[in-house]
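The values are calculated or read from the model by the stated rules, or taken from the named source; none is laboratory data. Bear in mind the structure is a predicted one, so any value in this text is a computation, not a measurement. Here the Cβ positions follow ideal geometry from the backbone for every residue, glycine too, while neighbour counts run over all protein chains shown.
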Amino acid sequence: MPAPRQFSVTQAVKLSLTVVGCLFLVMGVQGVFGPFLNRFGILPRTATGLVGIVLSPLLHANLSHLLANTLPLLVLLILLWSNREYHPARTLALIWAVSGAGTWLIGRGQSLHIGASSIVFGLVAFLILAGFKARSWRSALVAVLVFVLYGGVFYGVLPHAGPISWEGHLCGALAGVWAASRLPG
């Protein structure tokens, strides 16, 4: 099997900005036409909620919700894309799909789950675990950096009342652990 393609830091930044830019594009559409797109979030255990597995990370309740996810997502995506051993496209797709499916399965009843925080939690868990599993000083340094910067987010996986989807956070973190466990090493 050929080695995965190595992305330069510049390419990693461009790819990451493209993903984050899509979130802003969707928010712009919502700003023009109203928040009608949010109905495509995850509505747990319903047929209509299945489309949210794919679309929910692109949707945000408002600009402050989007901004809260933007910087962590950008930093974590750059770290992901800049290490070929992480198989970034496959890893991102796996975290995206598994966190969405998990939220669809365990999410609170009639709550609509939207936002990219499940991806953020998945990337944090993935980069920490994969960093130590890879057994390289660079990966370990990334793992420590991610833990120091974002390790506190794991408080968000604990069940609590309110509009924030702890279920999405939990499923994202579990998806990140699973994705990291699938890496060779």
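Name the residues in the range 1-21 that are among the hydrophobic types (A, V, I, L, M, F, W, C), modelled with pLDDT of 90 or more and surrounded by 13 or more Cβ atoms within 10 Å (Cβ to Cβ), would you? If the condition is that a residue be among the hydrophobic types (A, V, I, L, M, F, W, C), modelled with pLDDT of 90 or more and surrounded by 13 or more Cβ atoms within 10 Å (Cβ to Cβ), then 12, 13, 15, 17, 19, 20 are the ones that fit. Residue-level check: of (1) assigned to a helix (DSSP H, G or I); (2) at pLDDT below 90, residue 163 misses just (1).
Within the range 44-60, how many residues turn out to be aliphatic (A, V, I, L, M), over 11 Å from residue 101 (Cα atoms) and surrounded by fewer than 24 Cβ atoms within 10 Å (Cβ to Cβ)? Before you say what the answer is, go through the steps one by one.
Going residue by residue through the range 44-60, those that are aliphatic (A, V, I, L, M) are 47, 50-51, 53-55, 58-59.
Still in the list and also over 11 Å from residue 101 (Cα atoms): 47, 55, 58-59.
Now restrict to residues that are surrounded by fewer than 24 Cβ atoms within 10 Å (Cβ to Cβ): 47, 55, 58.
Residues meeting the conditions: 3.
Of the residues in the range 19-31, not one is hydrophobic (A, V, I, L, M, F, W, C) and in a loop (DSSP other than H, G, I, E, B).
Against the definition (touching an Asp or Glu at 6+ places or on another chain (Cβ under 9 Å) and not polar (S, T, N, Q)), how does residue 84 come out, yes or no?
no
Consider the range 131-148 and keep the residues that are part of a loop (DSSP other than H, G, I, E, B) and not basic (Lys, Arg). The one that is surrounded by the fewest Cβ atoms within 10 Å (Cβ to Cβ) is 136.
Only one entry in 114, 119, 95 is touching a strand residue (DSSP E or B) at 6+ places or on another chain (Cβ under 8 Å), surrounded by 14 or more Cβ atoms within 10 Å (Cβ to Cβ) and in contact (Cβ under 8 Å) with a residue 60 or more places away in the chain, namely 114. Looking at 78, 128, just one residue is in a helix (DSSP H, G or I), farther than 15 Å from residue 18 by Cα and more than 12 Å from the chain's Cα centre (by Cα), and that residue is 128.
Would you be able to say whether some residue in the range 149-159 is free of Cβ contacts under 8 Å to residues at least 24 places away in the same chain, surrounded by fewer than 20 Cβ atoms within 10 Å (Cβ to Cβ) and under 13 Å from residue 129 (Cα atoms)? Break it down into steps so the answer makes sense when it comes.
To start, the set of residues in the range 149-159 that are free of Cβ contacts under 8 Å to residues at least 24 places away in the same chain comprises 152, 155, 158-159.
Then drop every residue that is not surrounded by fewer than 20 Cβ atoms within 10 Å (Cβ to Cβ), which leaves 152, 155, 158-159.
Then drop every residue that is not under 13 Å from residue 129 (Cα atoms), which leaves none.
No: the range 149-159 contains no residue that is free of Cβ contacts under 8 Å to residues at least 24 places away in the same chain, surrounded by fewer than 20 Cβ atoms within 10 Å (Cβ to Cβ) and under 13 Å from residue 129 (Cα atoms).
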